[in-house]
Amino acid sequence: MITKPPTAGLSLLGSGWITAHGSGLESVWEKVRAGGRPEPGILPGLYGRADAPYFPVPVPGDGGFARMRRSSAISCFALAAATAALEDAGFTPTGRTALILASTNGAVIYTRKFFTDVVDRGTGSPIFFPETVYNAPASHLAARFGIDTTALTFVGDASAGTDALAAAAELIGSGAADHCLVVAAEEADWLVYEAARSWGCAGGQGGPVFSEGAVALLVGAPGGNAPQLSIHPGLTAGRSLPVREGLVRILRDLATGGPPDLLMLSASGSRIDRAEAAAAEFVLPGIPRMAPKRSLGEAFAVSTLAQVVCAALVARDGSSKCVAVPVAGWSGQLGGITVK
Amino acid sequence: MSRETTVQRVPVITGMGCVSPLGCDTAATLQALRNGTDGVSGVRLFPVDAFQARTAGQVPDAIHGLAAAICPEAVAWSRAAKFVLVAVTEALAARPGFCPDVIIAGTTSGGMDFGERFFRGIRDGMAGGEARRWVLGYPPQQPVLDVIGHLGWHAPVRVISNACASGTNALAWASGLVRSGSAERVLAVGFDALCELVFAGFDSLRASTPELCRPFDTGRSGLSLGEGAAAFLIESAGSASAALAAVAGSGFANDNHHLTQPEPGGTGPRLSMQRALADAGWAAEEVGYINAHGTGTPFNDASEAAAIRAVCPSAPVSSTKGMTGHALGAAGAIEAAYCIHAIREGFLPPNIHLRTSDSGLDIVANSPRPAPPRRVLSNSFGFGGANATIALEAWEPS
C-alpha cells in the first residue's frame, strides 16, 4: 500500500478550457463561481430509449490543420484547449516538451457510428475506424505541435486526469522532459448517457448532467510564482476499501502539510457524491466546498482537470492559499491534488 | 530517464506470466516457440462471413477453465479480464507476497467484447439488469480492476492506451517508475482480447490478410489479428534476490506522419530504437536479437526494416506475429515475454511463413535459431505514429 503523502510536484504555467460556459478562463470561472448552469441540450434517445439531457459545447474548427479535417469532435476540443493553454503560458513546444492526453470515453461518437454500421451492414467505414483509437487526439496534437518524443494517452474513469498529471510529474521529475502539455478531452454521445444510466450513475432526479469539451494545462518543474500542484499517487477502492474510506486516506494525505482552506469536490450528482461528502466532513469538517461539475456538467477526465483549473484560479486571486481537489471516479479509482 | 541510475535501482523482472495463442503458461509457450507453431486459425468468437479476413490468433479455450479455477467469479468477467487474471497469477507464483505500489496497464480495447454486447443489447431491447453487467465490464481499466479486486489490492491503476505500442509503453513506464525511485514494486500488464469491432476495423482498412501472415516476406499481404496478455513484476535490483531479466532502457517516438501509415523512411522506429539504445547505454553491435513489430503489412515492414538497417544492421530479427497474430495492446508485453524466454533459454524465436525477403535483414527464418542473446530489443508501433522500443538484458546478480 503506498498512499504516500503527495510528493509529485508541478508548476502550472498555463491553462485553457473549452466548456459549455465558453472558453475564457475568467469568464467561465465567473459563471462557475456564480453557480450558473449552461443552456441544456438533448441527445435524442436511440432504439426507443430515453433522451439524454446534456450541456453541449460548440465544436471548434480544426484550426486549419488539414490532418484533422475528418477527426471526431474530441480531437477538435483537445486542439482548441491545448492552443489556449499554450497561449496563456506564452509558450511554444520544444524538443523537450511531452504530451499527455487523458480521456474516459474517447471518440465515442465515431465508435458508435462505426459499430452501428458493422451490426447493420456487416462492415464499417475506414474513415471512422482510425479515429476511434484512444490515442487519435494525442496523435493529432503531437503532429500539430511537432512533439516527436513522448505522447501518451491515459484512460480510466475521472482519475485519468490525475493519472495524466502524475505522468507529467514523472517525466519532468526524472529529467525526461522540461515541460508537459496535459490535455483531457471528451465528446458527448447518447451511448455514454445510456451506459451511465444502466450503471446506476445517471438518470435520476438531481443526477449528473453530462457535458463534453477539453481542458489543457502546460506544466513544468515545481518552483517559481506559478500555482503549485502536488499530485497524490491515488488508490483503488474495492470490497475491502470502500470509496469513503479511500477518500478519507487521500484527504488526510492532502492535508499533511496543513489543512486546505477550500475543497474543490468532484461531486456531480452521482451515487459517489455521498461518500465524497462524508469523507470531507470526517477529515476536514467546516472547510468550505465547491463542486464545479454542478455548473460545468460531468465530463469525466475533463472535469478533473477543470477542478484543477478552478482551484488554480482561486489560488491566483488570493482568496485561498491551498485548495484540495479530491477525485472520485465511478470505477472506484481515487486520486487527489493540492493546488497552492 | 537518466543514465545515472545506480545498479541498485536497475529495474528487474522478478515474475512473468503470459497468455497468447501459443499457450496459457510458460511451458506451453516455450514449446510452441521452439516448434514454430502457427497459432492463427479460423475465428471462433463471432461471424466473419462479411469480412475479407477470416482468421486470427486466438487464446486456447482452456483459458476459461483456468480463470474459473483461480477465481470462480471470473466466469462472469470479460475475455480480457480472464487473460489478465491468468497471466498475473502465473507471474505472482514466482514471487509470493508481491504487492505493487502501482499498476501500469496497456490496452487498446479493454473489455470491448462486453461493450459490443451492451450495444447489441440496448438495440434489441435488453433489460436493465443485463445491461448493467455488460457496462460494468466494458471500460478499459475494468479487466485490471477485476483482477486486483480478486487479489485484495488497492494500488492505483494507470492505463496507457497508445494503440499497438501500449504494451511496450506500459512495461517501459513501469520500469521507469522503479528506476526513478517513484515506486519500489510495479505490476506491468499488457492485454487485449479479440473483438468484432476491431476485427471489422482492420478489415475495413484492408490491413488484414485473407492469406497467411508473412512478416518481412516479399509477398506479404497483411496482418492477422491476435489476442492475449502478459504480466511482469518489476522491482529494483537492490531489493530482488533473483530475477528473470533486467529492463535496461526504453525509447518512445512519434513520427507525426499519418494516423494509420508509418513514415516510409522509418523515422519513428529509428528514433525509438536509437533512444532505447542510448537509454540503455548500449552500442548497436551489442544487440543480439530484435523482436520486430513486423505485422506483415507492406508499409509497416518496409518502414521498420529501413529503421533496423539504419540502427542495428547486423542484429538477428524475427517477428513472432506470424505465429500469434497481432495482439494490439498486448503485443508488446507478449513479445517482451518471448524475448525473455529467448534470453534465458538460448534460442531466437522464428519468423514463420517466410519464403523470400527483400528486407535486407538477418531474419530468423521459419525455424528457431540456437543463440544466447544477452541484450535484445523489442519494437512496438501503433496508429497515430506511436513508436516504442524496450531494451531487455540477461540479469546476473553482482
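Some notes on this structure:
- Residue count for the stretch A:294-340 satisfying the condition of being of a type in the set (D, E, K, R) and over 24 Å from A:P56 (Cα atoms): 4.
- Complete set of residues in the stretch A:19-55 that are open to solvent by less than 40 Å² (accessible area, probe 1.4 Å) and in a loop (DSSP other than H, G, I, E, B): A:A20, A:H21, A:G24, A:G36, A:P38, A:G45
- Across the stretch A:124-143, the qualifying residues are those that are over 13 Å from B:L197 (Cβ atoms) and of a type in the set (A, V, I, L, M), and the one among them that is surrounded by the most Cβ atoms within 10 Å (Cβ to Cβ) is A:A138.
- Sole residue being of a type in the set (S, T, N, Q) and buried (at least 24 other Cβ atoms within 10 Å of the Cβ), chosen from B:T295, B:T356: B:T295
- Listing of strands (runs of 3 or more DSSP E) fully contained in the stretch B:294-398 that carry 2 or more residues being polar (S, T, N, Q) and within 14 Å of chain A (Cβ to nearest Cβ): B:386-393
- Among the residues making up the stretch A:294-311, a single one is open to solvent by 10 Å² or more (accessible area, probe 1.4 Å), in a helix (DSSP H, G or I) and farther than 22 Å from A:G14 by Cβ: A:R294.
- For B:R44, the test of being surrounded by fewer than 15 Cβ atoms within 10 Å (Cβ to Cβ) and either farther than 30 Å from A:A169 by Cβ or touching a strand residue (DSSP E or B) at 6+ places or on another chain (Cβ under 6 Å) (or both) is passed.
- Any hit, the stretch A:168-191, residues being farther than 30 Å from A:A50 by Cβ, part of a helix (DSSP H, G or I), in contact with a Phe, Trp or Tyr (Cβ under 8 Å, 6 or more places away or on another chain) and more than 7 Å from chain B (Cβ to nearest Cβ): no
- Complete set of residues in the stretch B:47-61 that are of a type outside the set (V, I, T) and open to solvent by 20 Å² or more (accessible area, probe 1.4 Å): B:P47, B:D49, B:A50, B:Q52, B:R54, B:P60, B:D61
- Scanning the stretch B:131-146 for residues that are facing chain A (nearest Cβ under 7 Å) and either closer than 17 Å to A:L191 by Cβ or small (G, A, S) (or both) gives B:A131, B:R132, B:V135, B:L136, B:P139, B:P140, B:Q142.
- Index of the failed condition, B:Q261 passing every other in (1) touching a helix residue (DSSP H, G or I) at 6+ places or on another chain (Cβ under 8 Å); (2) in contact (Cβ under 8 Å) with a residue 60 or more places away in the chain; (3) outside any helix (DSSP H, G or I): (2)
For (1) touching a residue at least 12 places away in the same chain (Cβ under 8 Å); (2) within 21 Å of the chain's Cα centre (by Cα), each residue gets a yes or a no:
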residue: B:T14; (1), (2): yes, yes
residue: B:V40; (1), (2): yes, yes
residue: B:R44; (1), (2): yes, no
residue: B:A53; (1), (2): yes, no
residue: B:A69; (1), (2): no, no
residue: B:V75; (1), (2): no, no
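- Helices (runs of 4 or more DSSP H) completely within the stretch A:58-146 that count 2 or more residues being among the hydroxyl-bearing types (S, T, Y): A:73-89, A:108-121
- Condition check for A:A196: under 27 Å from B:A183 (Cα atoms) and either within 14 Å of chain B (Cβ to nearest Cβ) or within 18 Å of the chain's Cα centre (by Cα) (or both): no
- Residue in the stretch B:68-79 that is away from chain A (no Cβ under 14 Å), open to solvent by 10 Å² or more (accessible area, probe 1.4 Å) and within 13 Å of B:A193 (Cα to Cα) present: yes
- Qualifying positions in the stretch B:233-255 - in contact with an Asp or Glu (Cβ under 7 Å, 6 or more places away or on another chain) and assigned to a helix (DSSP H, G or I): B:S239
The values are calculated or read from the model by the stated rules, or taken from the named source; none is laboratory data. In this text the structure is predicted, and so the values were computed from the model without any measurement. So basically every Cβ, Gly included, is an ideal-geometry build from the backbone, and we count neighbours across all protein chains shown. When the accessible area is computed, the model is the full protein with side chains, heavy atoms only, and any ligands, DNA or RNA have been set aside. Shrake-Rupley method; radii C 1.70, N 1.55, O 1.52, S 1.80 Å.
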